[in-house]
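Participant: Mind looking over this structure? Questions follow.
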Amino acid sequence: MATAIFDLGTDGNINVEILSLPNDFWAISEVRAVEAQSIIRVIHAGGDFTEFIPETHRLGDAYGRAR
């Protein structure tokens, strides 16, 4: 199961941190609203995360092993 924490900055940017312990994956990125929705859909569906922001060809700002 993955967890995402979203933070709306005072400048309107959305920052997200994703943690998926079963996949040993961690990522943090600044995302647009449509990308945040994609992340929520993946979590809701129980999907897996990779170095790419879901439904895009854009790499996350930082990513790697969770442990």
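The values are calculated or read from the model by the stated rules, or taken from the named source; none is laboratory data. Nothing here was measured: the structure is a model prediction, and the numbers come from that model. Cβ placement follows ideal geometry from the backbone for every residue including glycine, while neighbour counts extend to all protein chains displayed.
Participant: Quick check: is even one residue across the range 45-67 of a type in the set (Lys, Arg) and in contact with a Leu (Cβ under 9 Å, 6 or more places away or on another chain)?
Facilitator: yes
Participant: Out of 28, 43, which single residue is assigned to a helix (DSSP H, G or I) and in contact with a strand residue (DSSP E or B) (Cβ under 7 Å, 6 or more places away or on another chain)?
Facilitator: Exactly one residue qualifies, and that residue is 43.
Participant: Kindly indicate the residue of the range 16-40 that is loosely packed, with under 12 Cβ neighbours inside 10 Å and farther than 12 Å from residue 3 by Cβ and also modelled with the lowest pLDDT among those meeting that condition.
Facilitator: 24
Residue-wise test of (1) among the small types (Gly, Ala, Ser); (2) in contact (Cβ under 8 Å) with a residue 40 or more places away in the chain.
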site	(1), (2)
1	no, yes
11	no, no
19	no, yes
35	no, no
38	yes, no
50	no, no
